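Contents: one structure, followed by commentary.
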Amino acid sequence: MGLMRSGMKTNWKKKVFFSLLIFTGAVLICYPILGFNWDRNNYNILLITIDTLRPDRLSCYSKKYINTLQIEGLANKGVVFTRAIAHNPTTLPSHTNILLGTTPLFHGVHSNSRFIVSDHFLTLAEYLKGKGYATGAFVGSYVLDSRIGLNQGFDIYDDHMPDRSSTAFDNAGYAERKAEGVIRMALAWLDKQSSKWFCWVHLWDPHVPYSSPEPFKSKFKDDPYSGEVAYVDTELGKLLDYLETYNLAENTYIVLTGDHGESLAEHGEMTHGHFAYNSTIWVPLVITGPRIDPQRIDEYVSHTDIFPTVCDLLDMEKPPFLQGISVLPLIQGKKAKKRLIYFESLGPYYDRGWAPLRGFVEENKKFIDSPIPELYDLRNDFNEKTNLSQKVNLNTYQKKLKDLEEQYTSSQKVERQKKIDPEAMEKLRSLGYVSSAAPRTKKSFGPGDDLKTLIRYEQKLYLAYELHNEGRMQESIESLKEIIREREDFDTAYISLANIYKSQRRIKEAVDIMEEGFSKNPKSYEIVSNYGSILVDAGLYNKAIEVLQKAIVLVDFDPTTWNKMGIAYMRIKKEATAQEYFQKALSLDNNNAEVLNNLGIIYLGILMRTKELTAYTKAVQYFQKAIFIDPNYHLAHNGLGAVYKIAGKIDEAIECWHRALEIKSDYPLSIVNLGIAYFQKGDKTKSLKYLNMYIKLKGDSISPNERKKIERLIERAHQLD
């Protein structure tokens, strides 16, 4: 990962800082040892980053919405920065800015998709680890998965996420972990620490979809976003109480921030990731710890200021590459130097080919450079209602931005736009962050390419998503059709519409709409790969193979496509070829539970034909590994049960099938398998229970031949003693 960790000579970037607790939406905790002599070299660091957090939802910033008692209690002990700015309105770039202390112009991570964090750069975790700190990170979303690169320097990087559920909309299924689970794992790690540590806790919950647990769901049914924030605040209490209980608070610096905000329909943006108005780049920032007195500071600060502030709080040398400034002088009552704070929103540029958006904040002026430029007086118009760009000459602002970009751009040419690790493509796609494989960018942009012009299509997509969630399927369908008529290159609309059709068992219409999308966008990997996938679902395996081969030509590092190819070949009984594709998918991602399950199915088939011990061993290994990776993968439990049944281990098989039904109570194969297994064991009551359950569940979808077989078995079960 880096020179220091490889044992080679440490370069200037591998120097290390003292421990500081940073609260950015995730909290760090410190465990003092009895009799330990605490000094500035031994302070712990807790970094808390809360995703998608608007400052106005915290009661230490505004009393309008909710009382966030835990965070307010923390704020009352430390410094509240009222004008903290994120450099990006998305998760991965913002956390990269925080942990590297540089802007995207330097580290090159501009969006959640397509980019990884190069191991060429020094992270805060690496810096602290080099000074003897134990380092642990606990994240709540796949967007920050270790494969993306922010795990550098952490002894433990806990990023285990449950598999997402399948939904009609790509961005509706979220690979996330609730705050309760993240904090539980962080506390378990902290319990084991016996010396100074740096802990980063990331809580994803306020991100869409807003789905907080009870009682928050009911209490905030009319404002679900605030419900998520209230839930996170409550869970943070467990972490903060832990610090107090074990007398750690006095020896821990805590930095709490949000990675970005949420528009909530302000400026026409429903969530975040497009614009860079204050609704999405204004974030909370609270710092508490030894020698910090309670106060509020109104100076503009930024995420890149966190790293150098940690250095100053711990009286450590600041690495020369840092692009932020320490806010400790502000805390001490000194004036800050006048400067420009850079920001950007380039996700739409890289993912859709829309116009790039960049800008800066200078004191109370904010300049946004785009085909339709904007200028705001933040002192009198912090909500950016009045665009002043028509009233002034923008040449000065454009020159300042150009100079700022040149100043912050790294002279070290490091490849950052790399092929993202396999499963990451699928998971980021599920979060709505990945469009086609190659950005359809242009060299020049006009008003028609401006995000303010094109945002209406995202609005329509969001409307279709809401209509779908409300059960108004036909209206959702019509909304998606309207998008396609107006914007034939909007790939997400084709995919979402096809998925709705598929959910309604209108598989031919799903195939047809994807074929239309394919004909109009043959270079869009998202459309080509999803078209091939739906052809597999439709049973058109030869056509699917043809299309999926085109997808692999576009992107050869996505295991999802290789896996779908394997399924298509498996369905046409070409198991050897299927196995080759599954193994290729596994080579790209050896922790893909679905691929492992499919390989288990391959060897299950071989076992059924040959009864060979090798096939039995392989099948068990693949199914068990799939279950180890995802304990709630019901298909793998069912497959393992089938292997045990063939091997004569009927009790073990029954246990597996019961586990599958605990996960998915209406899974028909496990139900019928249990009915047959209990019949073979002579258990009349249980056999009849599951066989009748199967008949009822299948209803009219069961074939006449299968119904006859099951009914005959039911008759025989009635004859059991």
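Of all residues in segment 312-340, which are among the small types (G, A, S) and surrounded by fewer than 19 Cβ atoms within 10 Å (Cβ to Cβ)?
G333, A336
Can you tell me which residue is nearest to F275 (Cα to Cα) among those in segment 60-88 that are polar (S, T, N, Q) and assigned to a loop (DSSP other than H, G, I, E, B)?
Restricting to residues being polar (S, T, N, Q) and assigned to a loop (DSSP other than H, G, I, E, B), the top hit is N88.
Being farther than 15 Å from L535 by Cβ, more than 25 Å from the chain's Cα centre (by Cα) and touching a residue at least 24 places away in the same chain (Cβ under 8 Å) is the filter here; which residues of segment 490-521 pass it?
Selection gives Q504, K520, N521.
I'd like to check something: does segment 206-229 contain any residue that is more than 23 Å from I85 (Cβ to Cβ) and surrounded by 24 or more Cβ atoms within 10 Å (Cβ to Cβ)?
yes
Okay, residues lined up against (1) more than 26 Å from the chain's Cα centre (by Cα); (2) of a type in the set (A, V, I, L, M):
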position: A464; (1), (2): no, yes
position: S476; (1), (2): no, no
position: S479; (1), (2): yes, no
position: S529; (1), (2): no, no
position: I545; (1), (2): yes, yes
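May I ask you to verify whether S111 is polar (S, T, N, Q), surrounded by 23 or more Cβ atoms within 10 Å (Cβ to Cβ) and at pLDDT 95 or above?
no
Would you be able to tell me the number of residues in segment 458-489 that are in contact with a Ser or Thr (Cβ under 9 Å, 6 or more places away or on another chain), farther than 19 Å from I534 by Cβ and hydroxyl-bearing (S, T, Y)?
The total comes to 2.
Of E363, E384, which residue is modelled with pLDDT under 95 and surrounded by fewer than 22 Cβ atoms within 10 Å (Cβ to Cβ)?
That would be E363, the only listed residue that is modelled with pLDDT under 95 and surrounded by fewer than 22 Cβ atoms within 10 Å (Cβ to Cβ).
Considering only residues that are more than 25 Å from the chain's Cα centre (by Cα) and of a type in the set (G, A, S), look in segment 65-92 and name the one that is surrounded by the most Cβ atoms within 10 Å (Cβ to Cβ).
The qualifying residue surrounded by the most Cβ atoms within 10 Å (Cβ to Cβ) is A75.
Among the numbered conditions (1) assigned to a helix (DSSP H, G or I); (2) without any contact (Cβ under 8 Å) to a residue 24 or more places away in the chain; (3) within 23 Å of I534 (Cβ to Cβ), tell me where G566 comes up short.
(2)
The values are calculated or read from the model by the stated rules, or taken from the named source; none is laboratory data. In this text the structure is predicted, and so the values were computed from the model without any measurement. Glycine also receives a Cβ, built like all others from the backbone with ideal geometry; neighbour counts cover every protein chain displayed.
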